[in-house]
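Worksheet: one structure, shown below.
The values are calculated or read from the model by the stated rules, or taken from the named source; none is laboratory data. The structure presented is a predicted model; accordingly, all values stated were derived computationally and were not measured. FYI the Cβ positions are ideal-geometry reconstructions off the backbone, even for glycines, and counts take in every protein chain you see.
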């Protein structure tokens, strides 16, 4: 697996997107190797997933750092120690700074449960329901200093049903995330993502 892209994952909670990446990598359907998990909440389920998957898990509790920059310095050190090529924020519930972004220019991905630029930040699914939109979805984008404001790689629309609850809508959005995130990673790993300012061009498969 030495020729595979080395991926580090940042996650804060249950880690379902982390699990999807690991499973697809292990199955050979993704040309990557997930080499480290960084998580910030003690007791987060994602740490157990990493242990069962044989992926090193490093706890960096954000509450113990004096600033976001200090936390990001620790993250960068951890990622560098594992020779990470690509960083995936898969449910990472912290705002990142230029300390992390500058170390991985156009190699830092985030998945967000809305059709950006709509409903940025926390509670995106609740925001969509409260606003009354008929369509929402999920977005994989490159990370910039502006929260949820980086160039979009892939998006998937999800209809909002009249009887949707936060839980039912979240379940359908997450199902699309599990398809969209690996595909975005696959595109980056294969060199098919071309960035032109804010626009992203997906190059044809060779």
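Annotations
- Any hit, segment 105-128, residues being under 22 Å from residue 6 (Cβ atoms) and without any contact (Cβ under 8 Å) to a residue 24 or more places away in the chain: yes
- Scanning segment 122-150 for residues that are more than 24 Å from residue 86 (Cβ to Cβ) and not in a helix (DSSP H, G or I) yields 122, 123, 132, 133, 134, 135, 136.
- Condition met for residue 83 (part of a loop (DSSP other than H, G, I, E, B) and either within 20 Å of residue 153 (Cβ to Cβ) or modelled with pLDDT of 95 or more (or both)): yes
- Scanning segment 124-135 for residues that are over 20 Å from residue 15 (Cβ atoms) and either loosely packed, with under 12 Cβ neighbours inside 10 Å or within 16 Å of the chain's Cα centre (by Cα) (or both) gives 130, 131, 132, 134, 135.
- Among the candidates 58, 20, 46, the residue that is part of a strand (DSSP E or B) and either buried (at least 16 other Cβ atoms within 10 Å of the Cβ) or over 13 Å from the mean Cα position of the chain (by Cα) (or both) is uniquely 58.
- Of all residues in segment 23-43, those satisfying the criterion of being touching a strand residue (DSSP E or B) at 6+ places or on another chain (Cβ under 8 Å), part of a loop (DSSP other than H, G, I, E, B) and over 18 Å from residue 187 (Cβ atoms) are 40, 42.
- Selection status of residue 96, surrounded by 13 or more Cβ atoms within 10 Å (Cβ to Cβ) and part of a loop (DSSP other than H, G, I, E, B): yes
- Any hit, segment 44-66, residues being farther than 22 Å from residue 184 by Cα, free of Cβ contacts under 8 Å to residues at least 12 places away in the same chain, assigned by TED's automatic domain parsing to the domain that holds residue 4 and touching a helix residue (DSSP H, G or I) at 6+ places or on another chain (Cβ under 7 Å): yes
- Matching residues, segment 151-200, being over 17 Å from residue 90 (Cβ atoms), in a helix (DSSP H, G or I) and touching a residue at least 12 places away in the same chain (Cβ under 8 Å): 166, 169, 172
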